[in-house]
2 protein chains.
Amino acid sequence: MVSAWINCRRDTKVDYRDRGLQYGDGIFETMRVRRRRVRLLDFHLERLYEGCERLNIIGPEPLRLRRELERTAALRNEAVLKLIVTRGAGTRGYRPSGSEQCTRIVSLHPYPGGAAMRATSARVRVCATPLNTNPALAGLKTLNRLDSVLARTEWRDAQIWEGLMRDVEGNWICGTMSNLFLKRDDALMTPRLDRCGTAGVMRRWVMSMSRELRLRMIERRIRWEDLESADEVFMTNAVVGIRTVRSIEWPQVATLGFRGAAVAKRLRELLEEQ
Amino acid sequence: MVSAWINCRRDTKVDYRDRGLQYGDGIFETMRVRRRRVRLLDFHLERLYEGCERLNIIGPEPLRLRRELERTAALRNEAVLKLIVTRGAGTRGYRPSGSEQCTRIVSLHPYPGGAAMRATSARVRVCATPLNTNPALAGLKTLNRLDSVLARTEWRDAQIWEGLMRDVEGNWICGTMSNLFLKRDDALMTPRLDRCGTAGVMRRWVMSMSRELRLRMIERRIRWEDLESADEVFMTNAVVGIRTVRSIEWPQVATLGFRGAAVAKRLRELLEEQ
């Protein structure tokens with residue numbers, strides 16, 4: 001069963017004038033609840049307020065929001081907690097008046113169990129749909145997600161966990177709902193997200209672990225050759241965690257297979273402690 | 001006063017699970033009502049269903065939608081009629097199930113009168129925020145409008161009607177809410193919208209008038225030099241109509257002034273007959 005609260009009240013309806021609906025004018029966080037606590041809550045809140053700042057949205061009062069999320073998480077042992085913050089209802093026209101009151105929507109979803117969720121490795125395929133390229137929005141988890149939606153319609157095979165997306169110049173950036181990491185020798189690489197892509201909370205956590213892993217953390221442009229020469233590839237998502245990529249399948253072009261799994265395995269162990 | 005109907009019922013509330021809110025998964029049309037009729041209704045409907053097709057949204061039954069819009073327009077002599085069509089409510093996750101029922105939101109707004117709306121010419125400024133670049137979504141009027149929202153926050157001077165936006169490569173594409181046309185000699189040029197931008201209904205109508213105007217219609221990349229060498233520049237919007245651009249102001253860089261106004265004037269006359 002899904003439960004929802006809008007501005008702290010149990011409700012499921014939003015004003016159609018909300019700019020979140022009218023223009024996708026808002027951001028969201030999707031969080032994992034384990035043992036009645038939000039995993040990586042500090043990272044989620046940090047990203048949320050960074051997003052508010054970049055979009056010039058006056059977000060909810062931080063301490064109040066934190067308590068609301070903690071209280072909501074405590075309702076279930078295992079769950080997915082989603083938070084949407086929009087700029088709020090407004091009049092017609094792109095320009096915000098500046099006096100909008102933000103809308104926050106908190107929803108608590110069952111944790112999708114089953115073998116597919118317990119898997120630690122995955123098959124991934126290449127998507128044809130490119131990511132929206134725009135430095136002004138790059139890295140943010142905004143409500144403008146049509147690129148991910150279209151990419152996710154490209155396959156139906158349940159054996160494929162994720163689709164890998166490129167920017168308009170052909171650089172490999174991220175999955176439809178996850179971030180990408182490549183290990184080669186003593187370097188851990190992840191795509192730079194200065195022009196497009198979503199900077200995931202699990203990505204941020206993994207980057208913070210690089211010293212623990214004794215790997216040099218590098219953000220850079222990733223080309224196909226980098227995927228070909230990687231020792232290990234994994235993808236990250238705040239709900240799912242860390243998945244070892246076993247293969248990247250590019251229909252009619254190539255398939256890459258990967259054997260390495262040690263870094264992702266170590267990260268999963270470290271994540272258990274979170 | 002604003003009136004709204006959701007799926008044909010008088011209502012102002014939308015399910016928070018609607019994918020229009022969750023992901024901006026939908027499209028919209030903003031239409032001018034004059035003399036109790038929707039101006040350029042055929043063009044609006046044509047674009048709406050093209051958008052549905054490209055996003056694989058099963059839109060409302062066409063004849064029924066047309067009648068609803070006509071009936072709504074008949075309620076007011078002058079108004080702005082806005083239609084949103086979303087993919088409908090869904091479960092969590094980017095992938096549509098394919099069985100969503102689209103949501104349509106029709107709202108009727110007062111026509112903003114006053115001198116500012118009656119103006120036939122305008123000052124325009126250059127925006128720093130680039131357009132989202134993505135060939136998969138280029139041309140569509142989707143609910144993913146954060147680029148326009150951010151661009152529209154760049155100025156507050158009420159004397160500036162519109163902001164001119166570039167793609168990530170610096171080509172001039174369109175305004176935050178309008179399309180761009182340049183006349184030079186016997187050519188009427190407008191930016192190609194194959195990588196970004198919204199293909200406005202008024203743009204489409206103007207292009208359909210080029211023979212009437214005895215101008216060669218050309219869609220192409222537009223650089224600053226093209227603006228500098230234009231005889232006449234105008235911008236188009238379905239509600240506002242056609243505005244002669246008197247100046248383009250690029251803070252700290254340059255200001256261009258334009259004298260020509262004949263083509264826009266002729267187009268406004270032709271539009272009166274619509």
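The values are calculated or read from the model by the stated rules, or taken from the named source; none is laboratory data. Note that the structure is predicted; figures quoted are calculated from it, not measured. Neighbour counts run over all protein chains shown; Cβ positions are idealised from the backbone, glycine included. Remember, those area values only see protein heavy atoms, side chains included, never the ligands or the DNA or RNA. Shrake-Rupley method; radii C 1.70, N 1.55, O 1.52, S 1.80 Å.
Observations, loosely collected:
- Verdict on B:F28 being among the aromatic types (F, W, Y), under 30 Å from A:E29 (Cβ atoms) and surrounded by 18 or more Cβ atoms within 10 Å (Cβ to Cβ): yes
- Of everything listed in (1) in contact with a strand residue (DSSP E or B) (Cβ under 6 Å, 6 or more places away or on another chain); (2) crowded, with 24+ Cβ neighbours inside 10 Å; (3) within 25 Å of B:L41 (Cα to Cα), the single unmet condition for B:V201 is (1).
- Considering the conditions (1) free of Cβ contacts under 8 Å to residues at least 12 places away in the same chain; (2) in contact with a Gly (Cβ under 7 Å, 6 or more places away or on another chain), B:V85 is excluded by exactly one of them, (1).
- B:M1 being of a type in the set (A, V, I, L, M, F, W, C) and over 21 Å from the mean Cα position of the chain (by Cα): yes
- Test result for A:R125, over 26 Å from A:L69 (Cα atoms), basic (K, R) and assigned to a strand (DSSP E or B): yes
- Of the residues contained in the stretch A:56-79, none is found to be within 14 Å of another protein chain (Cβ to nearest Cβ), open to solvent by less than 20 Å² (accessible area, probe 1.4 Å), assigned to a helix (DSSP H, G or I) and not charged (D, E, K, R).
- Taken over the stretch A:116-135, the residue count meeting the criterion of being at the interface with chain B (Cβ under 8 Å from one of its Cβ atoms), open to solvent by less than 20 Å² (accessible area, probe 1.4 Å) and touching a residue at least 60 places away in the same chain (Cβ under 8 Å) is 3.
- Applying the set (1) more than 9 Å from chain A (Cβ to nearest Cβ); (2) open to solvent by 40 Å² or more (accessible area, probe 1.4 Å); (3) at pLDDT 95 or above to B:M177 leaves exactly one unmet item: (1).
- Scanning the stretch A:136-157 for residues that are more than 7 Å from chain B (Cβ to nearest Cβ) and more than 25 Å from A:G257 (Cβ to Cβ) turns up A:A138, A:G139, A:L140, A:K141.
- So A:M217, is it surrounded by fewer than 18 Cβ atoms within 10 Å (Cβ to Cβ) and under 22 Å from the mean Cα position of the chain (by Cα): yes
- The number of residues in the stretch A:9-55 being within 14 Å of chain B (Cβ to nearest Cβ) and within 29 Å of A:Q274 (Cβ to Cβ) comes to 13.
- Positions within the stretch B:80-115 being open to solvent by 10 Å² or more (accessible area, probe 1.4 Å) and of a type in the set (G, A, S), in sequence order: B:A89, B:G90, B:G93, B:S97, B:G98, B:S99, B:G113, B:G114, B:A115
- Candidate set: the stretch B:244-274, residues that are closer than 21 Å to B:R35 by Cα and of a type in the set (D, E, K, R); chosen: the one surrounded by the fewest Cβ atoms within 10 Å (Cβ to Cβ): B:E273
- Condition met for A:R166 (within 18 Å of A:R220 (Cβ to Cβ), open to solvent by 10 Å² or more (accessible area, probe 1.4 Å) and within 14 Å of another protein chain (Cβ to nearest Cβ)): yes
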